[in-house]
Amino acid sequence: MSSNQIWTHKGTFLLAAVGSAVGLGNLWRFPYLAGENGGGAFILIYIATIAMVGVPILIAESLMGRSSRRSPIMGLKHLTETHGASRGWRVIGWMGAVAAFIILSFYSVIAGWAVHYSGLMFSGSLAGADSEQIAASFDTLLASPNLLLAYHTAFILVSGLIVGMGIHKGIESGLRFMMPALFLILLIVLGYAVVVGDAGAAMAFLFTFNLEDLSLEGWLEAMGQSFFTLSLGMGAIMAYGAYMSSEASLTRTAIWIACVDTLIALMAGVAIFALVFGSGLEAGQGPGLMFVTLPIAFAQLPGGSILGGIFFILVIGAALTSAISLIEPIAAWLIERFGLSRPLSVGIMVAACWALGLVTVFSFNIWSEGTFTQAWFNRSPFDVLEFITNILMPIGGLLIALFVGWSLSRQEVLREMATTSSWFAVWQFLVRFVAPTAVAFVFLRTIPQVEGYLIPTVGAVAIIGGFTIGRAMLARR
Ligand code: PFF
């Protein structure tokens with residue numbers, strides 16, 4: 001049973017968690033959010049949130065995994081029972097599983113776009129194309145359900161294959177090969193961008209901290225991104241933490257994960273903006289930054305077809321190491337709960353997730369208009385899925401902070417943390433007070449998007465949420 005399994009090496013948890021953390025969030029989402037929100041100011045808030053909120057919750061989530069040595073859903077059952085805490089906390093495991101399931105369903109479709117672009121780049125079919133042709137090629141991709149489906153299927157199958165081979169032969173071996181290779185590719189792309197692009201302009205854009213440039217929306221966006229990029233609140237870190245060596249330090253590991261993840265996001269940002277500015281293009285292009293603006297830059301630059309192809313391989317690889325961390329928590333639960341074999345559990349998870357991915361695939365074409373989601377919420381079905389995860393992620397993080405900060409027995413937490421009392425006090429303060437407050441802000445940001453229902457929704461959420469959490473924190477079974 002997977003609960004007795006431990007990573008082969010003390011450092012594998014770090015490798016696996018970095019693999020989970022570094023993904024489309026770093027290469028695709030971070031640069032375009034920075035581009036839309038004024039560069040340096042956004043990054044300042046992002047880094048502050050990672051340090052003050054991300055790292056404490058990362059420690060808390062890996063602690064829950066290692067202490068329970070079970071998949072997230074079973075782990076919460078175990079922790080609430082052994083610590084005499086309210087059963088209500090079990091919702092953390094379930095919510096995380098639902099969020100991971102939904103995220104993987106669209107993550108795989110978007111990773112599929114990168115598969116398409118690596119093909120376009122290597123084949124040279126975009127070389128010398130102008131911006132209109134490239135924008136049109138993106139639209140053509142989105143308009144084709146068959147193409148999107150083929151890439152989505154291929155991507156999710158490969159991810160499933162790795163997880164299906166087990167935590168040692170599949171996940172661990174895969175990561176040990178992929179992570180250094182990806183880092184090497186990033187260095188090559190960065191070197192190329194510095195040589196042919198405008199690295200000075202990129203650095204100025206990313207590291208000029210002008211707080212006035214930042215809207216409230218940008219603040220909140222930076223905080224939301226710090227959650228997504230560290231893979232928090234979805235059980236991925238908890239599932240990997242369950243296999244973590246008892247000797248590894250939770251604090252030191254979490255700080256490493258956050259530093260490497262941030263460094264990679266910044267390296268990707270410098271590379272992408274150096275290429276974009278070097279080609280005289282704009283930074284604030286939104287989600288199209290990677291799939292339209294960047295290909296335009298590659299199309300114009302010397303050696304752009306090859307380097308562009310290599311860049312998209314990096315994107316695919318980084319997405320793959322994140323996708324496997326979304327499969328593992330649910331697959332491990334199926335194994336533990338129903339005694340199924342690993343290949344079968346992974347097969348069930350992947351098949352179900354593939355099916356949900358159809359919603360995203362069709363959102364860009366045959367369901368782009370006229371579905372009930374447009375009629376009811378004024379959003380495409382894909383936007384609704386993304387919106388749901390944007391709500392589940394911060395709530396998951398909030399509950400993890402409160403659960404570990406207030407409800408687990410102090411003795412067990414101290415034993416797992418194995419750190420000096422002053423560091424423990426700092427962490428405890430952050431996880432008890434700072435993180436929950438900050439996350440509540442991120443959460444409230446999503447509410448105004450529910451037009452017309454703002455005040456009643458905020459009121460209802462505050463009352464019900466406050467009451468439930470308060471009761472759970474005080475309750476002993
Ligand atoms: N952290 C990943 C990224 O930045 O792309 C996305 C992700 C992976 C989120 C795994 C959540 C998760 F559980």
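Rule-based calculations on the coordinates, nothing more; no lab input. Remember, predicted model here, so these are calculated numbers, not experimental data. All Cβ positions, glycine included, derive from the backbone under ideal geometry; neighbour counts span all protein chains shown.
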Obtain the radius of gyration and the Kirkwood radius of region 129-187 from its C-alpha atoms and give Rg over Rh.
1.18
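Apply the Kirkwood formula to the chain: the hydrodynamic radius equals the inverse of the mean of 1/r over all pairs of different alpha-carbon atoms; give it in Å with one decimal.
Result for the chain stands at 22.7 Å.
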Could you work out the equivalent-ellipsoid semi-axes for region 135-283, taking the square root of 5 times each eigenvalue of the Cα gyration tensor, largest first, in whole Å?
31, 24, 18
Ordered by fewest other Cβ atoms within 10 Å, a rough proxy for footprinting exposure, Glu369, Glu172 read Glu369, Glu172
By per-residue mean of other Cβ atoms within 10 Å, what is the highest-first order of 348-356, 24-32, 278-286?
24-32, 348-356, 278-286
Taking placed amide H atoms and a strict 5 Å upper bound, the residues 5 or more places from Ala85 or on another chain that come that close are Arg477
Debye equation applied to the C-alpha atoms of region 18-83, log10 I(q)/I(0) at 0.18, 0.23, 0.29 Å⁻¹:
-0.79, -0.97, -1.18
Only counting other Cβ atoms within 10 Å, I'd like Tyr240, Tyr117 sorted with the fewest neighbours first.
Tyr117, Tyr240
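Evaluate the Kirkwood expression for the hydrodynamic radius of region 14-127, namely the inverse of the mean inverse distance over all pairs of different C-alpha atoms, and round to one decimal in Å.
Numbers: mean 1/r = 0.0578 Å⁻¹.
Mean inverse Cα-Cα distance, inverted, gives 17.3 Å.
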Hey, can you list the DSSP H helices of the chain whose Cα span along the axis is 30 Å or longer and whose average Kyte-Doolittle score is at least 1.0?
91-122, 173-196, 250-278, 304-338, 342-363, 381-402
Over all distinct alpha-carbon pairs, what is the Kirkwood Rh of region 196-251 in angstrom?
14.9
Calc'd 3J(HN,Hα), region 293-303, phi into Karplus 6.51 cos²θ - 1.76 cosθ + 1.60 (θ = phi - 60°), Hz, glycine/Pro = x, comes to 4, 5, x, 4, 4, 4, 5, 8, 8, x, x
Suppose we keep just the alpha-carbon trace of region 158-233; what are its Rg and Dmax in angstrom?
18.5, 50
